1. Could you work out, residue by residue across B:82-89, how many beta carbons of other chains sit within 10 Å of that residue's beta carbon, and then give the average as an integer?
2. Just B:71, B:42, B:32 to compare: in a GNM of chain B, with alpha carbon springs under 10 Å, which one fluctuates most?
3. Give the calculated FRET efficiency between residue B:71 and residue A:109 to the nearest 0.05, with a Förster radius of 30 Å applied to their Cβ-Cβ distance.
4. Restricting to the protein assembly as shown, compute how many DSSP beta bridges are antiparallel as a %, nearest 5.
5. For region B:42-84, compute Rh as the Kirkwood radius over C-alpha pairs and then the Stokes-Einstein diffusion coefficient at 4 °C and 1.567 mPa s; write the answer in µm²/s, rounded to an integer.
6. Counting pairs on different chains as well as pairs 8 or more places apart, how many Lys pairs in region B:2-97 have Cα atoms under 25 Å apart?
7. Ranked from highest to lowest mean number of other Cβ atoms within 10 Å per residue, what is the order of the peptides A:88-95, B:76-83?
8. Using just the helices of chain A, give the 222 nm mean residue ellipticity in deg cm²/dmol: DSSP H runs with n ≥ 4 each add -39,500 (n - 2.57), and the total is spread over all residues, rounded to 500.
Amino acid sequence: MGKLTIGCFASLVGSLNLDFTLKLAGAALDKGHKVDLWVSGNGTMLSIKDQRAFKDYSSLAKPLQELMEKGLNITACEACAEARGYNKDNTMEGVKRHSMDWYLASTFDADRVLHIGGE
Amino acid sequence: MKLAVFVSDYKMTVDTLERLKPEKMGIILVQNGVYHASVKENGNASSVLDSSADLYALKEDLETRGIDPANVDSKVKVVSFGDVVDLIFNDYEKTAWL
């Protein structure tokens with residue numbers, strides 16, 4: 001089994017890229033791979049706790065929680081989060097916050113990297 | 001190098017794809033990129049399908065857009081998320097996102 005690192009940049013909750021990213025991460029975890037996920041830019045919105053799910057509106061908090069229980073290692077860009085007012089106190093439990101060197105280090109020991117750009 | 005390129009939009013990305021010259025290339029159509037697999041303009045299929053690369057389209061994204069996977073161009077293989085994971089790990093060394 002290998003390690004897949006996914007970097008998801010500049011995507012808001014409700015975006016196609018974040019939805020795709022979590023589904024791909026889930027498929028990789030189901031096949032026994034290790035998955036690191038880095039969210040940057042507006043993608044850090046995914047890390048906020050107490051997201052409310054509405055019918056017919058994309059909500060990723062619950063799927064993210066389930067993936068973390070399966071072993072997903074997710075880290076949000078700390079500077080991107082702070083710039084948007086997402087502080088440590090309103091970060092979802094289990095989501096780490098680091099500077100971009102975390103992503104760089106993860107890509108260096110990953111078997112495969114998928115860098116998903118902004119929308 | 002064996003390169004898998006994810007095409008996520010219906011805008012024409014042929015110029016970019018043509019500049020890529022890996023030893024082996026796969027084009028994985030995802031999100032709105034799956035329209036390349038089925039939409040014809042003036043009777044012509046998308047020029048993305050003229051590529052010599054292996055072509056794939058994500059089944060879930062086809063179905064989300066009301067496209068019957070049975071009706072995509074015959075050059076395109078319909079794949080699941082699990083298949084995409086296998087392509088990433090087994091068939092290609094690097095990935096790119098367009």
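1. Counting Cβ atoms of other protein chains within 10 Å of each residue's Cβ and averaging gives 6.
2. B:42
3. Approximately 0.10, to the nearest 0.05.
4. 10 percent
5. 116 µm²/s
6. 29
7. Answer by packing, highest mean first, reads B:76-83, A:88-95.
8. For chain A, the value works out to -9000 deg cm²/dmol.
We did not get these values from a lab; they are worked out from the coordinates using the rules stated. Nothing here was measured: the structure is a model prediction, and the numbers come from that model. All Cβ positions, even for glycine, are placed from backbone atoms using ideal geometry, and neighbour counts span all protein chains on display.
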